[in-house]
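Just dropping this structure here.
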């Protein structure tokens, strides 16, 4: 009996692990297609649009990111949490209602105060495109809500297909309108299309497969779940707003005060570095959230989180280092000589992106363990740290504002990662021991980057 019990336990563990790996693989497949298409299209897009156009996109995308991330009052991230589908369905409707109200309020503000908005941003040419903001906010936040419903139902294949559709739609719009000399309109519209494409496909699938749960929505049910998950609007909304503002507000400030098109260079640098991060980190984050509540109820959250971190180190840190070392040499060749500065910024941002890559996928452990207040305080600290670094650099030397922004991002995510480890009950020595096998892959990527840089210098420069 004892042997049979051991065999059954091992079998269940292998089954659970294989299911997780399959889920990650499906999402990575869809995300890989989207990211590969994005990277392949960038050399053409950077020749159709100027750094000034990218600076306008940076401001537009930053405003969109700040508002849309909290438009659902963060009720969308609670959708995978309830045991009953009926409760999750009520959370979904509350999320969609909230983002509709926020998008409508934004439309009213744009209609009444468009002149004041562009004067505040010091971006007069943006006035003609502010009408896209309400649409972008609604599409982005509504898609997020439907994606979390699909995550709850483990519909990772459908999510992967929508990500591929987003890439095709967004890039196709940018290239087509760029070719027609509709700059920067094509760049901004393509970003909006990429944010919400696939929304209606997710909604149609949810209605088809979960009609009974969605038909159970009621005012009483919505009031009940709103009371039960009230910590999300109270703390997680401010947390996500602080997080997004901490990342995006400095870009808006840089666009307004920095010399040249620094915001445009930052936009390209971020887009390139987001590719490997989005390929693995985004997929792992989705699947982590789908399994973390179950692991916590079983008392296995610490081990589960540590396994995820080890996997991220093995698969992602090396490629990020490779890209960071190679970027200053490769960017002028790939994107044109005018984008040399973007490659230099990638090198500065690499330590920040490594820490973000490790911390972000497992940051949902703070919500799973009920530490929403701590998460908010961390993000508020990040907002103060990054905005303070940018403003401090502006008053000291305007030529190093972007570098100060990069360093502040690394410091913030280092703090965030440490807090996640502490609240997940992960001991640093245990994690260090688990990571002992990860050094060889990282060393391989570092050596490859140095050798590749040397070869490219000899051939092209």
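With the requirement that a residue be crowded, with 20+ Cβ neighbours inside 10 Å and over 29 Å from residue 420 (Cβ atoms), what does segment 326-363 give you?
If the condition is that a residue be crowded, with 20+ Cβ neighbours inside 10 Å and over 29 Å from residue 420 (Cβ atoms), then 329, 331, 335, 339, 341, 342, 343 are the ones that fit.
Rundown of residues vs (1) modelled with pLDDT under 90; (2) over 19 Å from the mean Cα position of the chain (by Cα); (3) under 23 Å from residue 58 (Cα atoms), yes/no style:
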residue	(1), (2), (3)
162	yes, no, no
174	no, yes, yes
178	no, yes, yes
203	yes, yes, no
212	yes, yes, no
215	yes, yes, no
235	yes, yes, no
240	yes, no, yes
244	yes, no, yes
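Still on this structure, please answer the following. With in the same structural domain as residue 318 (by TED's automatic domain parsing), in contact (Cβ under 8 Å) with a residue 12 or more places away in the chain and either closer than 19 Å to residue 345 by Cα or within 27 Å of the chain's Cα centre (by Cα) (or both) as the only criterion, which of 442, 428 stands out?
Values: 428 fails: in contact (Cβ under 8 Å) with a residue 12 or more places away in the chain.
When all the criteria are applied, what remains is 442.
Exactly one of (1) surrounded by fewer than 17 Cβ atoms within 10 Å (Cβ to Cβ); (2) at pLDDT 95 or above; (3) under 21 Å from residue 194 (Cβ atoms) is unmet by residue 128. Its number?
(2)
For segment 386-396, state whether one or more residues are out of contact with any helix residue (DSSP H, G or I) (no Cβ under 9 Å at 6 or more places or on another chain) and on the phi < 0 side of the Ramachandran plot.
Keep residues of segment 386-396 that are out of contact with any helix residue (DSSP H, G or I) (no Cβ under 9 Å at 6 or more places or on another chain), which gives 395.
Adding the requirement that they be on the phi < 0 side of the Ramachandran plot leaves 395.
For segment 386-396, residues out of contact with any helix residue (DSSP H, G or I) (no Cβ under 9 Å at 6 or more places or on another chain) and on the phi < 0 side of the Ramachandran plot: present.
Working only within segment 339-352, note down all residues that are more than 11 Å from residue 323 (Cα to Cα) and touching a residue at least 60 places away in the same chain (Cβ under 8 Å).
Narrowing segment 339-352 to residues more than 11 Å from residue 323 (Cα to Cα): 339-342, 344-345, 348, 351-352.
Correct list: 339, 341, 342, 345, 352.
Of all residues in segment 144-158, count the ones that are modelled with pLDDT of 90 or more, crowded, with 22+ Cβ neighbours inside 10 Å and under 18 Å from residue 32 (Cβ atoms).
Qualifying residue count, segment 144-158: 0.
For segment 366-424: of the residues being in contact (Cβ under 8 Å) with a residue 60 or more places away in the chain and assigned to a loop (DSSP other than H, G, I, E, B), which is surrounded by the most Cβ atoms within 10 Å (Cβ to Cβ)?
Of everything passing the filter in segment 366-424, 424 is surrounded by the most Cβ atoms within 10 Å (Cβ to Cβ).
Something else now. Examine segment 138-158 for a residue that is in a helix (DSSP H, G or I) and within 12 Å of residue 191 (Cβ to Cβ), and state whether such a residue exists. Walk me through it before giving the result.
Filtering segment 138-158 down to residues in a helix (DSSP H, G or I) leaves 138-152, 156-158.
Then drop every residue that is not within 12 Å of residue 191 (Cβ to Cβ), which leaves 139-140.
Yes, segment 138-158 contains a residue that is in a helix (DSSP H, G or I) and within 12 Å of residue 191 (Cβ to Cβ).
The values are calculated or read from the model by the stated rules, or taken from the named source; none is laboratory data. Quick caveat, the model's predicted, so the values are computed rather than measured. Heads up, the Cβs are rebuilt from the backbone with ideal geometry, glycines too, and the neighbour counts pull from every protein chain shown.
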